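The values are calculated or read from the model by the stated rules, or taken from the named source; none is laboratory data. None of these values were measured; they are calculated from a predicted model. When we count neighbours, we look across all protein chains shown, and the Cβ atoms used for this are built from the backbone with ideal geometry, even at glycine. To get the accessible areas, we keep the full protein, side chains included, count just its heavy atoms, and leave off ligands, DNA and RNA. Shrake-Rupley method; radii C 1.70, N 1.55, O 1.52, S 1.80 Å.
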Amino acid sequence: EVDWFSLASVIFLLMFAPLIVYYFIMSCDQYQCSLTDPVIDLLMGNKHLSDIWNKTPTLTYRAAGIYTFWVAFQVVLYVFIPDFCHKFIPGYAGGVQEGAVTPAGVVNKYEINGLQAWIITHILWFANAYYFHWFSPTIIFDNWIPLLWCANILGYVVSTFAMIKGHFFPTNAKDCKFTGNFFYDYMMGIEFNPRIGKWFDFKLFFNGRPGIVAWTLINLSYAAKQQELYGQVTNSMILVNVLQGIYVLDFFWNEAWYLKTIDICHDHFGWYLGWGDCVWLPYLYTLQGLYLVYHPVQLGTSNAIGILMLGLIGYYIFRTTNHQKDLFRRTNGNCKIWGKKPEYIECSYMSVDGTKYYSKLMTSGFWGWARHFNYTGDLMGSLAYCLACGFGHLLPYFYIIYMTILLIHRCIRDEHRCLSKYGKDWKRYTAAVPYRLIPGIF
């Protein structure tokens, strides 16, 4: 059943999320990234909505061609080129990997080749920039708003197709979830793992490709535009490219691990993931680079080093915390965390069919500091991206505001699920690790 608050949230997002993306991008295109000037213009009667809309670039054949080629190219890399990186890169887990057990008891197999797709794409990008010159490195920025309409079309087409598929020809009918509410089902999804053929998994493809592969290309296009406009690339732009590039590479290096995360293990595929990965992610996660095209910032050396250290420390916490949990799970606690055997709480839970299971919740290492300390590292990295842009406008700080809301919501959602699952054992765990994100504070 869908409670009224969830339904209201769903309808709000369906109505306003596309407008929010448009507003941010339009603000940069027409108002030099000011979020208040468009509102002031409208309230003062200086402009009408039609004036702003009429100045907005429309969909073009060029943008449609670019976007179609981009998505088709990523589909080819995903489906038709088996991973070979795992054969010669030590420590990298690629190739065919198994996901978690679905609610229906299915264990899906995935072709993990995201790192390979990222490498091939970027080799071609730099080869074009320095040798072939087929297109300008600023091509993404130059077509940014027309590409927005293409991304929206794909997002809605994929989401609608997933809804229809879930009703009439699901990949696994036992892994479908129907609430009976159209809006909720459309947004949150019906099918758990919609697929076409053996290997094209909607969830993995749209979560990882084309949006995240494009993330670093988008930033590189911003840097190229800054070079074109001002004759130099500022250190703030370099910081954003480096720190976000590390985050993207980390995602693809650990793509097999990603199969065990909440996105794959719990979320169904609907508008939330389909449209979100096509539009929300590439357009709002890259606002810092876009802002720096309009407002280049050259940081002082000490500020640049401080921001770089904040980002790197945040990444270290994020990655080490996740590694500790992964090591603990893989070895069933028979490992060493910070040089000693980890501490944990034994928990039990009952499955739907009445079978009793046991698991362990770690209370040492970073997981003894806070219950979601990996999110804390993620937020530190997010703040570093924003600080690189200075304090001239609010727009580049949207990312840290959004990530804070998103991750706190995930904390609450995770813990509600764990309380339902473990009951009294979960209360014992929260007593042992009382803080969620910041030790001693929250």
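Before moving on, here are some points about what is shown:
- Using alpha-carbon coordinates, inclination of helix 61-79 to the longest axis of the chain, degrees: 30
- Whole-angstrom gap from the range 35-52 to the range 185-210, using each part's C-alpha centre: 39
- Cross-link reach is defined here as a Cα-Cα straight distance under 20 Å, omitting same-chain residues fewer than 8 places apart; for LYS340 the aspartates and glutamates meeting it are ASP326.
- Here the Gaussian network model covers the chain, with springs between Cα atoms less than 10 Å apart; of LEU13, LEU312, LEU49, LEU49 fluctuates the most.
- Dividing the mean sequence gap of close Cα pairs (under 8 Å, 6+ apart) by how many residues the range 1-298 holds gives a relative contact order of 24 percent.
- The ellipsoid equivalent to the alpha-carbon distribution of the range 299-441 has semi-axes of 34, 18, 11 angstrom, derived from the gyration tensor eigenvalues as √(5λ) and listed largest first.
- Packing-based ranking, highest mean first, of 16-25, 403-412, 150-159, 374-383 given that Cβ atoms within 10 Å are counted: 374-383, 150-159, 16-25, 403-412
- A Förster distance of 35 Å, applied to the separation of the beta-carbon atoms of GLU98 and ILE246, puts the FRET efficiency at 0.80.
- Within a straight-line Cα-Cα reach of under 22 Å, LYS260 can be paired with the following lysines, leaving aside sequence neighbours fewer than 8 residues apart in one chain: LYS109, LYS174, LYS177, LYS198, LYS203, LYS325, LYS336, LYS356, LYS360, LYS421.
- When all alpha carbon pairs of the chain are counted in 10 Å bins from zero, the resulting P(r) reads 4, 18, 29, 29, 15, 5, 0 %.
- Protection proxy ranking, highest mean first, for peptides 249-259, 357-367, 266-276: 266-276, 249-259, 357-367, where packing is the per-residue count of other beta-carbon atoms within 10 Å, averaged.
- Protection proxy ranking, peptides 201-208, 190-197, average beta carbon neighbours within 10 Å, highest first: 201-208, 190-197
- Tail weight of P(r) past 26 Å, computed on alpha-carbon pairs of the range 213-344, percent: 40
- Given their separation in residues at 0.36 nm each and the Cα-Cα distance between them, THR68 and PHE84 gain 3.2 nm when the chain is fully extended.
- Computed with a 1.4 Å probe over protein heavy atoms only, the accessible surface of the range 106-170 comes to 46 Å² per residue.
- The share of accessible area on the chain that comes from carbon and sulfur is 66 percent, using a 1.4 angstrom probe.
- Distance in nm between pseudo-label sites at TYR156 and ILE405 (7 Å out along the Cβ direction from Cα): 2.3
- Our note on the geometry: Cα centres of the range 355-415 and the range 220-293, 17 Å apart.
- Taking 28 Å as the straight-line reach from the Cα of LYS55, the lysines in range (excluding those fewer than 8 positions away in the same chain) are LYS47, LYS225.
- The label point for MET44 and the one for LYS424, both projected 7 Å from the Cα toward the Cβ, are 6.6 nm apart.
- Maximal additional length on extending the SER348-ILE11 stretch stands at 117.6 nm, based on 0.36 nm per residue less the C-alpha distance.
- The long axis of helix 114-127 is offset from the longest Cα principal axis of the chain by roughly 20 degrees.
- Charging the Cβ of each Asp and Glu at -1 and of each Lys and Arg at +1, and nothing else, the dipole of the chain about its Cα centre rounds to 1260 debye.
- The range 346-422: C-alpha gyration tensor shape, a/c 1.5 cut-off, then a/b vs b/c: prolate
- The listed residues THR216, THR58, THR331, once ranked by accessible area (1.4 Å probe) with the largest placed first, stand as THR58, THR331, THR216.
- Size of electric dipole in the range 337-396: Cβ of Lys, Arg +1 and of Asp, Glu -1, about Cα centre, debye, nearest 20: 180
- Both radii come from the Cα set of the range 99-210: Rg as radius of gyration, Rh as Kirkwood radius; their ratio Rg/Rh reads 1.08.
- Principal-axis tilt of helix 373-387 within the chain, Cα atoms, nearest 10 degrees: 10
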